[in-house]
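We did not get these values from a lab; they are worked out from the coordinates using the rules stated. In this text the structure is predicted, and so the values were computed from the model without any measurement. Reconstructed Cβ throughout: ideal geometry from the backbone, glycine too, with neighbour counts over all protein chains shown.
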Amino acid sequence: MKNLFLYVFFCLSLGLQAQTGNSKKEKAQFEVVGNCEMCKKRIEKAALDVKGVKMANWDIPSNQLMLIYNAQKLDILEVHNAIAQAGHDTKKATANDEVYANLPLCCLYERKQ
Amino acid sequence: MKNSLITLCLAVVFNSQAQQQLTGKVVFRATSETEALAGASIYWLNTSLGSTTDDNGDFSIPIATDQSRLVISYIGFKTDTLTISDPSKKLIHFMREDDSNSLDEITLAQRKKAVQKSYIETQNILTVNSAELLKAACCNLSESFETNPAIDVNFSDALTGTKQIKMLGLTSPYLLITEENIPMVRGASQAYGLTFTPGPWIESIQITKGAGSVVNGFESIAGQINTELQKPFTATPRFINLFRSANGRMEFNGHLNSALNDKWHAGLYLHGNQRNQKMDQNKDGFLDAPLAQQFNILNRWQYTDAEKGWVGFVNLRFMNDEKQVGQVAFDPQKNNSTIWGSEIKTRRWDTAFKMGYVIPEIPYTSFGFQGAYSQHDQEAYFGNRRYDILQDSGFVNLLYNSIIGNTNNTFKSGINFSYDRYQERVDAKNWDRIDRTVAAFFEYSYDNKENFSWVGGLRIDQHNNLGTFLTPRMHLRYLPDPKTILRASVGAGRKAANIFAENQTLFGTNRTINIQNTGGSIYGLDPEKAWNYGLSLRKILLSGDQNADITIDYYITQFDNQVVVDWERPTEISFYNLDGKSRANSLQISFDYAPSNTWSYRFAYKNYDVKTAYRSGFLQRPLQAQHRYFANVGWESITTDKGKQWRWDFTYHGVGKQRVVAQNDNMPSKMVAAYTLLNSQLTRAFSADFEIYAGLENIGNYTQANPIIEADNPFANTFDTAQVYAPVFGRMIYTGLRWNL
């Protein structure tokens, strides 16, 4: 019984640490052009691979990427660049044509000229 | 023309550039995806130099030397003329539909698949949604699996017509059956519990093969079946369903859902069923199906405040079910000791409360609370035997979900209390028991968002009868390529065997009950413990307009201890702790193919090697076919603008040879022949809101010759209604309607 409560305490403290911690969490939202489920995976993966990004959720219909990140660890431009490198354009970074042309069919989005 | 040809030739000879091709792709935008435009024509303006796109929308065209303007055209789309400045660059061109002179409107609607095999989940989960549930003939959760090869439906006995489900070769007590993740069919409700959830209440079913998650408890050994009920927030406001079958079964369902304000939604779900016609097709003097009536009411309240991150549910439910079975001449009002009859009366109360809070600032962190209380009160007699069970259950689960680092690493943790009080009366003997558990669990999930994910869970339970123990579970998923999904799982499960409730069919026999008391905590027996190991491979062969995939599942369940239910000796049923080996190995190979939006095919072969060390030897479990075959063909017409549609489906079950136990000294254990079951259903939707369906069950009219042993002599000690391996009821026609008012 005692062990159990210790365990619960451990879990909760872990959770609280994850929540408060020493990190400065910030929210950001910006447009990333894409179409489908596969784009979603690629965009979110690219964003999450940037150190300091805690959460990335890209919404298909609105093309909006919602980010929660640690502002002390990264500049948001790094996320734009990482996503562009994966093939998706944002307002601040444009994907290389070749990378774009190699995207799977369903991900070919209409590029702004 | 000639000139351009000459130019071309010259170009080929003199200009190495001309050898080069301009390559590209022509696509158009369908709702949320880009699709290839096949057969579009591509040509250089004012030349004869042209090409067309292939099935993938790809084209290549020799580069023209004297022309940089490229024309792309396709009927129904606007013709575009592009200026190509850099022909070495791959061209990707979007075509726009030409609205000005549109042809007949082309609707590109992707059909939502009725059964979805998991792709993203780490666990091997099959989701059966309402479209698939409509294919089932009738009427409640126990009958919702007939069009699905993952679960085998068997006949539990020759009296009640109840269907019993099996997964991986193990009966439902070895499955964790939950309703919106709260354990539901367990203990006292094991025998008939699945018939207490009306089909139209079900929104979807998730079937998890193998160990499952530690969040929901330690009881899942072979897998988990979770039922999601209709939600007042999303369900149709008013719904009516009527059903009538030729064997006298009538069902009514009425739903009412309404929004009270922008946060509260309420739903009222009513169900009634009745069969008051005595039927004895096989002339054995016993009713083939019970006289029965059920009344079932559910009231749900749903609270949603998306802005502040709160969601909640309150459920209140009451059910009353009465069945009369036995000899046709039996009249419960008359106390007649020469006629065998039985009545089973069940009353059940359920209340559940759920609450979830997602921190709006950090949506990856959430808290959940689930609380439930139920009372299950069953009173029954079977001939001269009596069986009553009253179970009070309480369940509380506190959950905390969050991330470690980023959302690729998530965890669920929490604590769980559960309480069950059983008061049982078997003939003149009382068996009372209380089960109490306090548990803590932690489940970590990693997903690289590409091709690998794993879930590891651990739970520690402190149980008054099972002791303190750990339950580890682990699931892996790996995609060597995007069309191949490999899964593996391993996990332990435990359970207190409620020997009477789980084997209630024994009361439809005159066998003597033998419990080999070894001083254990549950009926003198030890808790059951098993390990489950699973491997699954799914290969997607076709996707897009055509879908095809092949799945191979192999699962092994090994019991460290089992409460062996031994029917091997006539006139006797024994329960004892396993002494030796017990295993259930199952292999399933299934092939799904949907060549178009109108046709779909599903084929499966299943092999079960389910053997237990009985006193009389290491034997395949009785009434368990080693081979089972399954096929389902579905067809649906294209829905018209007004929602008119035809839907048809046909299901085949091939059940291999089964072993039946010895019936008396003259009839030793034997194998019974394989048989085939065929079902079909046709639905006509007159509009999106009104449809009529009709179907045939058991088209081949296959029935078991003598489902009741010693039907002429129901008070003899060899009388037995539990040895049922095939339908008792022959061909049956039914019809019904569904109406969204």
Quick note on B:Arg615, B:Arg659, B:Arg317, ordering by fewest other C-beta atoms within 10 Å, gives B:Arg615, B:Arg659, B:Arg317
Computed for chain B: size of charge dipole around the Cα centre, +1 on C-beta of each Lys and Arg, -1 on C-beta of each Asp and Glu, debye to nearest 20, value 520 debye
Residue separation between B:Ala688 and B:Leu45 times 0.36 nm, minus their alpha-carbon distance, gives in nm 226.6 nm
For the B:Asn664, B:Ala131 Cβ pair and Förster radius 30 Å, calculated FRET efficiency rounded to 0.05 is 0.05
quick note, the protein assembly as shown, DSSP beta bridge pairs, % antiparallel (nearest 5) is 95 percent
For peptide B:403-414, the mean count of other chain Cβ atoms within 10 Å per residue Cβ is 5
At R0 = 22 Å the Cβ-Cβ FRET efficiency linking A:Asn81 and B:Asn451, nearest 0.05, sits at 0.40
Two pseudo-spin positions, 7 Å from Cα along C-beta at B:Asn409 and at B:Asn276, lie apart in nanometres by 6.6 nm
Quick calc, segment A:23-107, dipole around Cα centre from Cβ unit charges on Lys, Arg (+) and Asp, Glu (-), nearest 20 debye, gives 440 debye
Length gained, B:Tyr357-B:Leu398, 0.36 nm per residue minus C-alpha separation, equals 13.6 nm
The farthest towards the positive end of the charge dipole of chain B, of the residues B:Phe719, B:Asn740, B:His463, given +1 on Cβ of Lys and Arg and -1 on Cβ of Asp and Glu, is B:Phe719
Too long for a 21 Å Cα-Cα cut-off, among B:Lys495/B:Lys581; B:Lys90/B:Lys539; A:Lys41/A:Lys73; B:Lys209/B:Lys606, are B:Lys90/B:Lys539; A:Lys41/A:Lys73
Taking the dipole of the protein assembly as shown about the Cα centre (Lys, Arg +1; Asp, Glu -1; charges at Cβ), the one of B:Thr34, B:Ala584, B:Tyr675 that reaches farthest to the positive side is B:Ala584
Put in order of increasing Cβ neighbours within 10 Å, starting from the fewest, A:His88, B:His93 give B:His93, A:His88
B:Arg436 and B:Tyr605 label points (each 7 Å along its Cα→Cβ direction) are spaced in nm at 5.3 nm
Note to self, chain B gives a 222 nm [θ] from helices alone (DSSP H runs n ≥ 4, -39500 (n - 2.57) apiece, / all residues, nearest 500) of -500 deg cm²/dmol
Going fewest to most other Cβ atoms within 10 Å around each Cβ, B:Leu194, B:Leu229 line up as B:Leu229, B:Leu194
Expressed in nanometres to one decimal, the distance between label points 7 Å along Cα→Cβ at B:Asn465 and B:Gln546 is 5.6 nm
Any aspartates and glutamates whose Cα falls less than 15 Å from that of B:Lys166, other than same-chain ones fewer than 8 residues away, would be B:Glu143, B:Glu146, B:Asp152, B:Asp157, B:Glu502, B:Asp609
Checking rank on B:422-430, B:165-173, with mean other Cβ inside 10 Å and highest first, the result is B:165-173, B:422-430
The pairs in B:Lys263/B:Lys644; B:Lys449/B:Lys611; A:Lys51/A:Lys91; B:Lys449/B:Lys642 lying past 31 Å Cα-Cα in this model are B:Lys263/B:Lys644; B:Lys449/B:Lys611; B:Lys449/B:Lys642
So the FRET efficiency between B:Gln423 and B:Ser32, C-beta based with R0 = 60 Å and rounded to 0.05, is 0.60
Per-residue average of other protein chain Cβ atoms inside 10 Å, peptide A:102-112 -> 5
To the nearest 20 debye, segment B:648-711 has a Cα-centred charge dipole, built from +1 on Lys and Arg Cβ and -1 on Asp and Glu Cβ, of 320 debye
Averaged over the residues of B:579-586, the number of partner chain Cβ atoms within 10 Å of each residue's own Cβ comes to 0
